[in-house]
Amino acid sequence: MPSRTIDFYLGLGSRYSYLAATQIDRIEARHDCRAADGQGALVACCRLIHRMVFVDAAVIDDAAIASIPGALGLDADRFMKALGDPATAARHHALLDEAQGRGAFGVPTLFLGDRMFWGNDRLVLLEAALGAR
């Protein structure tokens, strides 16, 4: 079981969040940690949308959104219902408030405990902090 948690705040339209996200699996494996909220399909969904935007150059329209559950093996009706659920919007806003309350001012922002690492170029500093523990 991983001993440390990295809180990773990202933007799905941010190319720097995309670049940082491509490094998370390597960092997790190398430093025995995990990116928080990695349960269920959230991480897979974020990765898929990043790939759609930055690799496939897809336009994220209704058709693209409708393709997501099939690509992830999810129930399409439940997925679409969850997108429109006020609880989903509330969770999103709560995460924005949480990030701002912790001092985040842009994406990607990663936290290791109370230490903030802002920007894709700070991943090396995050890894140094992980290695020092």
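What is the magnitude of the charge dipole of the range 4-132 about its Cα centre, with +1 placed on the Cβ of each Lys and Arg, -1 on the Cβ of each Asp and Glu, and no other charges, expressed in debye to the nearest 20?
Numbers: 13 positive and 16 negative charges, 58 e Å.
Around 280 debye, computed over the range 4-132.
At 222 nm, what value in deg cm²/dmol follows for the chain if DSSP H runs of at least 4 each add -39500 (n - 2.57) and the sum is divided by all its residues, to the nearest 500? Mind dumping the intermediate values first?
Details: 6 runs with 76 residues, N = 133.
About -18000 deg cm²/dmol.
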Once you've got the GNM for the chain with C-alpha springs shorter than 10 Å, pick whichever of Arg122, Arg30, Arg51 has the biggest mean-square fluctuation.
Arg30
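With a cut-off of 8 Å between alpha carbons and a minimum separation of six or more residues, what is the relative contact order of the range 75-133 in percent?
Details: 24 pairs, mean separation 9.6, N = 59.
Relative CO of the range 75-133 lands at 16 percent.
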Ignoring solvent entirely, what values of log10 I(q)/I(0) come out of the Debye formula for the chain at 0.12, 0.18, 0.21 Å⁻¹ when each Cα is a single scatterer?
-0.51, -1.10, -1.37
One finds the C-alpha centres of the range 96-116 and the range 54-74 to be spaced, in Å, by 28
Mean separation of Cα pairs under 8 Å and 6+ residues apart, divided by the residue count of the chain: what relative contact order is that in percent?
35
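Among the DSSP beta bridges whose two residues both lie in the chain, what percent are antiparallel, rounded to the nearest 5? Spell out each step's value before the answer.
Numbers: 8 of 11 bridges.
So the antiparallel bridges amount to about 75 percent of the total.
Bear in mind that the values in this text are calculations on the coordinates, not laboratory data. This is a predicted model, so every value here is computed, not measured. All Cβ positions, even for glycine, are placed from backbone atoms using ideal geometry, and neighbour counts span all protein chains on display.
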